[in-house]
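The next block holds one structure in the form of structure tokens; read it before the comments.
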Amino acid sequence: MKFDLLSTIEYGGCSAKLPPGLLSEVLSKLPIATDPRLLVDVNTHDDAGVYKINDETALIFTTDFFPPICSDGYEFGEIAAANSLSDVYAMGGTPLLALNLMMFSQEKIPLDVFGEILKGGQDKVSEAGALIVGGHTIDDHPPKYGLAVVGTVHPDRLITNAGALPNDILVLTKSIGTGALVSGEKNGLCEHEDYRRALKQMKHLNRHGASLADKYGVNSMTDITGFGLAGHAMKMAEASGVSFRMRTQQIPLLPGAYEVYEKGSIPGATFRNLEFTDEHMHCTRGVDYNMKMLVHDAQTSGGLLMTVNPDHAGLLLEELNRLDPGISAVEIGEVLPESPRRIYFE
């Protein structure tokens, strides 16, 4: 019988992140690195740091790792690698090199699972056209896996959190609800095929979204992970000095995710994310409790949230959905001038 990685954890994937409010408090006390060649630092809560090498090339540097999000080692490796690579795509870049980051206990888990995790990560990095060139492993339990990734981008084509403009259209490239479905699978509260659909989406690379973002002049972009759609959108609006309006009926949900929340299986990370956005967010009466919570559902290897000029949004959506049928990119709202709240859900 195969070893079940989900048996080792309480919180898996990006649900295992520190609460965003606590993280912000800690980071606010640290000195900020300054250098004229540093194009992106931690100030805007972007997905990666960016360092200009010359007029043609900037390096994107990022890392991400987490405990298992699924039972199978190979699939865990695929998802963790796709999640790590996504930070480069969210800046409009191309992954180049990666290092494995692994925490694993050979006394508590069969050693062949270690190899399966690395193989899943290797195959996903190869799919991205990048190279794994080494890594680091320590003996630890429960296991954690991810990558440190270096990518490249032309300095003039860099896309950050901080470029959203009033009247831009908000585009989301993947459905939300992965946290709900992992919780539902663990607690026997969702259909297994719905859980499998969530795993398939988490393995899917965001590379087509990144390439079309450059083609259609996307103004701002981030990927949706552990802080949920609401949390990442809030930081994006804050960095850009604007507000966002989102129509919850247009936000795509993974099948079965709403039903898991309806049955009361709401992960703890969701409540921590809600606490983070609470005073910066407004929901109209038409937004029910489950939907309010789902926009705070911690995503693992989620989609890209883009702000796009209204003249280009339709063309971007049409080409992205044709080029990448594995996702369902949709318009979910628009950017507003700066208002008393950062996010308005209706």
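The values are calculated or read from the model by the stated rules, or taken from the named source; none is laboratory data. Just so we're clear, the structure is a prediction, and the values are computed from it rather than from any experiment. Heads up, the Cβs are rebuilt from the backbone with ideal geometry, glycines too, and the neighbour counts pull from every protein chain shown.
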Original post:
Can you spot a residue in the stretch 164-180 that is more than 23 Å from residue 234 (Cβ to Cβ) and either touching a Phe, Trp or Tyr at 6+ places or on another chain (Cβ under 7 Å) or not aromatic (Phe, Trp, Tyr) (or both)?
Top reply: no
Subject >> Tabulated pairs, the stretch 53-75, first without any contact (Cβ under 8 Å) to a residue 24 or more places away in the chain, second of a type outside the set (A, V, I, L, M), C-beta under 8 angstrom, 6+ apart or interchain >> reply: 53/37
Subject >> Qualifying positions in the stretch 62-89 - within 21 Å of residue 18 (Cα to Cα) and of a type in the set (A, V, I, L, M, F, W, C) >> reply: 65, 66, 69, 70, 76, 79, 80, 81, 82, 85
Original post:
Of all residues in the stretch 277-304 being crowded, with 23+ Cβ neighbours inside 10 Å and of a type outside the set (S, T, N, Q), which is nearest to the chain's Cα centre (by Cα)?
Top reply: 302
Original post:
Under the condition of being assigned to a loop (DSSP other than H, G, I, E, B) and touching a helix residue (DSSP H, G or I) at 6+ places or on another chain (Cβ under 6 Å), which residue from the stretch 305-340 is surrounded by the most Cβ atoms within 10 Å (Cβ to Cβ)?
Top reply: 329
Original post:
Among the helices (runs of 4 or more DSSP H) confined wholly to the stretch 147-231, which include 1 or more residues that are surrounded by fewer than 24 Cβ atoms within 10 Å (Cβ to Cβ) and out of contact with any helix residue (DSSP H, G or I) (no Cβ under 8 Å at 6 or more places or on another chain)?
Top reply: 192-203, 207-215
Original post:
Taking residue 36 and the conditions (1) at pLDDT 95 or above; (2) part of a loop (DSSP other than H, G, I, E, B), which numbered condition does it fall short on, given that it satisfies the others?
Top reply: (1)
**OP:** Tell me, yes or no, whether the stretch 81-93 has at least one residue that is more than 15 Å from residue 147 (Cβ to Cβ) and of a type outside the set (A, V, I, L, M).
**Re:** yes
**OP:** Would you tally the residues in the stretch 70-129 being part of a helix (DSSP H, G or I) and not acidic (Asp, Glu)?
**Re:** 27
Original post:
Could you list, in sequence order, the residues of the stretch 252-265 that are out of contact with any helix residue (DSSP H, G or I) (no Cβ under 7 Å at 6 or more places or on another chain) and closer than 21 Å to residue 333 by Cα?
Top reply: 252
Original post:
Any residue in the stretch 110-127 that is aliphatic (A, V, I, L, M), within 22 Å of residue 80 (Cα to Cα) and without any contact (Cβ under 8 Å) to a residue 24 or more places away in the chain?
Top reply: yes
Subject >> Conditions (1) among the polar types (S, T, N, Q); (2) at pLDDT 95 or above; (3) not in a loop (DSSP other than H, G, I, E, B); number of the one not met by residue 54 >> reply: (3)
Original post:
Taking the stretch 233-269 as the region of interest, how many residues are within 22 Å of residue 221 (Cα to Cα), in contact (Cβ under 8 Å) with a residue 24 or more places away in the chain and outside any loop (DSSP other than H, G, I, E, B)?
Top reply: 16
